[in-house]
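**Q** One structure, as structure tokens, below. Some questions next.
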Amino acid sequence: SIASADMDLNQLEAFLTAQTKKQGGITSDQAAVIAKFWKNHRTSIHESLINQSRWDNVLKNMNWRVDLKSQLRHIDQINTPIAIVEMEVGKNGQ
């Protein structure tokens with residue numbers, strides 16, 4: 001629950017306090033150890049969860065432009081913007 005919610009220190013304290021008061025919950029010593037561990041490893045745990053949930057492909061490059069039509073059969077279609085997007089997708093780490 002702590003990792004999936006990416007709890008900040010205030011949320012962590014409230015969550016652990018609730019867990020110590022719950023029937024069959026954790027002790028205050030266990031809560032202190034969990035809090036210390038989360039404070040020291042929060043960034044690496046969060047990055048690991050992101051890497052596990054990411055698809056294999058990543059966006060490597062993106063180019064875009066907006067074109068305006070200057071010559072068409074019907075006058076009402078002139079200056080209609082057209083967006084052109086080019087995306088390069090590749091494997092993570094390659």
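The values are calculated or read from the model by the stated rules, or taken from the named source; none is laboratory data. Keep in mind that what you see is a predicted model, and the values were worked out from it rather than measured. We place every Cβ from the backbone using ideal geometry, glycine too, and count neighbours over all the protein chains shown. When the accessible area is computed, the model is the full protein with side chains, heavy atoms only, and any ligands, DNA or RNA have been set aside. Shrake-Rupley method; radii C 1.70, N 1.55, O 1.52, S 1.80 Å.
**Q** Grab the DSSP H runs of the chain that are 4 residues or longer, score each as -39,500 (n - 2.57), total them, divide by all residues and round the 222 nm result to the nearest 500 deg cm²/dmol.
**A** About -15000 deg cm²/dmol.
**Q** Now for a different question. Taking the solvent-accessible surface of protein heavy atoms with a 1.4 Å probe, what is the per residue accessible area of the chain in Å²? The partial results should precede the final answer.
**A** Details: 8040 Å² over 94 residues.
Here the per-residue accessible area is 86 Å².
**Q** Quick check: net charge around Asn63, other residues with Cβ under 12 Å of its Cβ, Lys/Arg +1 and Asp/Glu -1?
**A** Here the count lands on 0.
**Q** Against the longest alpha carbon principal axis of the chain, how many degrees, from 0 to 90 and to the nearest 10, is the axis of helix 28-53 turned?
**A** Around 20 degrees separate the two axes.
**Q** Please give every one of the lysines within straight-line cross-link reach of Lys36, meaning a C-alpha to C-alpha distance under 23 Å, and leave out same-chain neighbours fewer than 8 residues apart.
**A** Lys21, Lys22
**Q** Okay, next question. Is the shape of segment 1-74 rounded, prolate or oblate, going by the alpha carbon gyration tensor and its root eigenvalues a ≥ b ≥ c, with a/c under 1.5 for rounded and a/b larger than b/c for prolate?
**A** Details: a/c = 4.76, a/b = 3.30, b/c = 1.44.
Verdict is prolate for segment 1-74.
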